[in-house]
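The values are calculated or read from the model by the stated rules, or taken from the named source; none is laboratory data. Please read these numbers as outputs of a predicted model, since none were measured by experiment. Because the Cβ atoms are built from the backbone with ideal geometry, glycine has one as well, and the counts that use them run over all protein chains shown.
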Amino acid sequence: MQSLLNKKIVLGISGGIAAYKTPELARLLMQEGASVQVVMTQAAQQFVTPVTMQALTGNPVFTSQWDSSIANNMAHIELSRSADIILIAPSSADLMAKLSLGLADDLLSTLCLARDCPLLLAPAMNKQMWEHAATQRSVQRLQDDGSVLLGPASGTQACGEVGMGRMLEPHEIAEQVIAFFQKKVLTGKKVLITAGPTFEAIDPVRGITNHSSGKMGFAIARAALEAGAQVHLIAGPCELSTPLEATGKIIRTNIVSAKEMHTATLAATDCDVFFAVAAVADWGIAKPAKEKLKRQGKEAPSIEFVANPDILQDVAKTVKFKGGKSYPYCVGFAAESTDLEKHANDKRQRKGIPMIVGNIGPDTFGSDTNQLIVIDDSGSKKIAQAEKLHLARQLIQLVAKKI
Ligand code: C5P
């Protein structure tokens, strides 16, 4: 399912070299189901042409408040009235200064003043311009007036300098726009998540691990951020990028072994919800070899295992009671090969946790989709086959009601 279905976005472009990335942004928004209406300033047209934006969006591009093709000549009102948001990327220092003062001397700034929908700004400028007291004043004013800033990021700039002021990458802007539209059911809450596999070293080049792509845990991290939470993600070895990293609302701790995951997790239990999504190795290697084990004819080495700590069970033991509720609210995951609901519920009781989520599958590992069964004291509820992000959003809604 697309995350921006039926959303109407007015995409404003002001004059900055980062405008070369805006066509890609328009495509990403449209891929998620949004309809995109582009409005460009005069300066923006020095960097990207209206023809490019028109060809990509399939909509005429507006560049002037004097456009006679709008029947009543009220482009500034017409365009913003039908929009769910106005998103400006790149948003130049000049445009932000203007908007912060309520000036309206071209179509884009007039549209912003005449709007009755939220305004999201993705600033892009040289670091000196960003750091200038005048720009910082504009930013503060715009935020006080309710505008949402997406970025900027720090890094190499078109001018060759390095510093704050780079526009976020198109996929980061699109991710934040999608997040903007999600229900904020976890505002002010802290969420701790374990995700991915663990890896138990046998020697410096070998080890044992579990099947786990980390996708479900990362999807829950993204859905929790979208819902307004602060997230601490403790991740085993996996290739996934940190969701909504540019918001600064997620901390990621990378670990390798179950013991490392145990230590990192137990140090972070001051939170409202804990999702144990990681596929933790049940056994570690008693004495990992310091040097690579050499082949010795046809004989195989014997390896001694030791039981790893149960992270979820140990977190459940730290639960405190506050205002009639227990914190953190612990959610476990279960992948079973038979009798899922019974085994998952037994596990929930054995581990002393209020909720467990069973992976119904069929193709859980590495897949982008899954089906879940959520079991708590009140019974069980299935969440139908969907992309993991959509499952995660539904799970977050259920958990939010519990805390
Ligand atoms: O005991 P089992 O591995 O079947 O239970 C699965 C649940 O327990 C998952 O939520 C998993 O993240 C968690 N778990 C854990 N530490 C372990 C083993 C499992 O947190 N050592």
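Among the listed residues Ser154, Ser138, which satisfies the condition of being buried (at least 20 other Cβ atoms within 10 Å of the Cβ) and either of a type outside the set (A, V, I, L, M, F, W, C) or touching a strand residue (DSSP E or B) at 6+ places or on another chain (Cβ under 9 Å) (or both)?
Within the list Ser154, Ser138, the selection yields Ser138.
Would you check which residues across the stretch 236-246 are surrounded by fewer than 24 Cβ atoms within 10 Å (Cβ to Cβ) and either in a strand (DSSP E or B) or small (Gly, Ala, Ser) (or both) and list them?
Within the stretch 236-246, Ser241, Ala246 qualify.
Residues of the stretch 308-330 being in contact with a strand residue (DSSP E or B) (Cβ under 6 Å, 6 or more places away or on another chain), without any contact (Cβ under 8 Å) to a residue 40 or more places away in the chain and within 14 Å of the ligand (Cβ to nearest atom), which ones?
Residue satisfying the conditions is Ala316 alone.
Quick one: is Ile251 assigned by TED's automatic domain parsing to the domain that holds Lys215, surrounded by fewer than 16 Cβ atoms within 10 Å (Cβ to Cβ) and in a strand (DSSP E or B)?
Spelling it out, Ile251 is indeed assigned by TED's automatic domain parsing to the domain that holds Lys215, surrounded by fewer than 16 Cβ atoms within 10 Å (Cβ to Cβ) and in a strand (DSSP E or B).
Report the residue count in the stretch 288-307 for those that are more than 16 Å from the ligand (Cβ to nearest atom), within 40 Å of the chain's Cα centre (by Cα) and either within 13 Å of Ala276 (Cβ to Cβ) or small (Gly, Ala, Ser) (or both).
1
Do any helices (runs of 4 or more DSSP H) lying entirely in the stretch 54-151 carry at least 1 residues that are in contact with a Gly (Cβ under 6 Å, 6 or more places away or on another chain), closer than 17 Å to Gly165 by Cβ and free of Cβ contacts under 8 Å to residues at least 40 places away in the same chain, and which ones are they?
It comes to 127-131.
Pick from Ile220, Ile202: which is surrounded by 24 or more Cβ atoms within 10 Å (Cβ to Cβ), farther than 22 Å from Leu25 by Cα and touching a residue at least 12 places away in the same chain (Cβ under 8 Å)?
Going through Ile220, Ile202 in turn, the sole match is Ile220.
What about Ala276, is it within 12 Å of the ligand (Cβ to nearest atom) and of a type outside the set (S, T, N, Q)?
Against the criterion (within 12 Å of the ligand (Cβ to nearest atom) and of a type outside the set (S, T, N, Q)), Ala276 qualifies.
Could you tell me whether Lys259 is away from the ligand (no atom under 16 Å from the Cβ) and either farther than 17 Å from Leu389 by Cβ or touching a strand residue (DSSP E or B) at 6+ places or on another chain (Cβ under 7 Å) (or both)?
No, not satisfied.
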